[in-house]
Amino acid sequence: MAHLIAPSLLSADFANLRKDVEMVNNSEADWLHLDIMDGVFVPNISFGMPVIASVGKYCTKPLDVHLMIVEPDKFIDEFHKLGAYVLNVHYEACTHLHRSIQRIKALGMKAGVTLNPHTPVSVLEEIVPDVDLVMLMSVNPGFGGQKFIENTIDKTARLKELILKRNSKAIIEIDGGVNYETGKRLLEAGADALVAGSFVFGAENPTDTIARLKAL
């Protein structure tokens, strides 16, 4: 399949969110990525339910929701009601990960598991057949515009091997430091979806940037 591009709303202009959402609508982007931060699991706070509800009214792309929060299980039902297409929970935040994945899928959403940079892909040995997506953080979560962690290239290849070994249908998504150069290398290593925040929204022509990422 062609790889997916998911611009991250975290880097959009919050004073003109509707304008930036409509730019994504009219672009070649596949999903809109939403980073939900609570200031506890990560050292930052992003946006909450009212903003997501407003974005959902205007966005025509599927919502790729990334929960960087403690106790994500408490909010699975609410994010379903807000229209999440993919719901990503962190391995590091879920005590009973299999239960979390079951609940997400029972509600009809795609279930994703996210790994922080220091977490090895081997921890997914038992769960990877049950998930729809694995997202690797290629920066430390919590802030946009960080430098790409080089080890993510090899980590992507190792994850691809694990997915094939376990006969999983999970796709691989990468979040952090994505640009034309890192994006190409990640796709060659086995990535299926790229999240791009500041590289898209900070570009002179975001629509063209998305198109170029899509064409990698």
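For the chain, what is the mean residue ellipticity at 222 nm derived from helices alone (per DSSP H run of n ≥ 4: -39500 (n - 2.57); sum divided by total residues; nearest 500 deg cm²/dmol)? Can you show the working numbers first?
On the way: 8 runs with 72 residues, N = 216.
One gets -9500 deg cm²/dmol as the mean residue ellipticity at 222 nm.
Suppose a student asked you for the relative contact order of the stretch 4-214, using Cα pairs under 8 Å spaced at least 6 residues apart; what percent would you report?
Value for the stretch 4-214: 22 percent.
I'd like the Kirkwood hydrodynamic radius of the chain, using the inverse of the mean 1/r over distinct C-alpha pairs, in Å.
The answer is 17.0 Å.
Among MET23, MET109, MET135, which residue has its Cα positioned farthest towards the positive end of the charge dipole of the chain, with +1 placed on the Cβ of Lys and Arg, -1 on the Cβ of Asp and Glu, and the dipole taken about the Cα centre?
MET109
Assign unit charges at the C-beta atoms only (+1 for Lys and Arg, -1 for Asp and Glu), then state the dipole size of the chain relative to its Cα centre in Debye, rounded to the nearest 20.
It works out to roughly 320 debye.
Sorted by packing (mean other beta-carbon atoms within 10 Å per residue), highest first, where do 104-114, 80-90 land?
Details: 104-114: 19.1, 80-90: 21.2.
Result, highest mean first: 80-90, 104-114.
Stretch SER122-ASP13 to full length: gain in nm at 0.36 nm per residue minus the Cα-Cα span? Walk me through the numbers on the way to the answer.
Details: separation 109, 0.36 × 109 = 39.24 nm, distance 3.76 nm.
Additional length available on full extension: 35.5 nm.
Among TYR180, TYR91, what is the fewest-to-most ranking by other Cβ atoms within 10 Å?
Ranked by crowding around the Cβ, least crowded first: TYR180, TYR91.
What fraction of the DSSP beta bridges in the chain is antiparallel, stated in percent and rounded to the nearest 5?
5 percent
Hey, which of these cross-link pairs are over 19 Å Cα-Cα: LYS110/LYS169; LYS57/LYS105; LYS81/LYS214; LYS147/LYS214?
Working: LYS110/LYS169 12 Å; LYS57/LYS105 23 Å; LYS81/LYS214 30 Å; LYS147/LYS214 21 Å.
With Cα atoms farther than 19 Å apart: LYS57/LYS105; LYS81/LYS214; LYS147/LYS214.
No lab work stands behind these numbers, since they all come straight from the coordinates. Quick caveat: nothing in here was measured; it's all calculated off a predicted structure. Methodologically, a virtual Cβ is constructed for each residue, glycine included, from the backbone with ideal geometry; neighbour enumeration extends over all protein chains shown.
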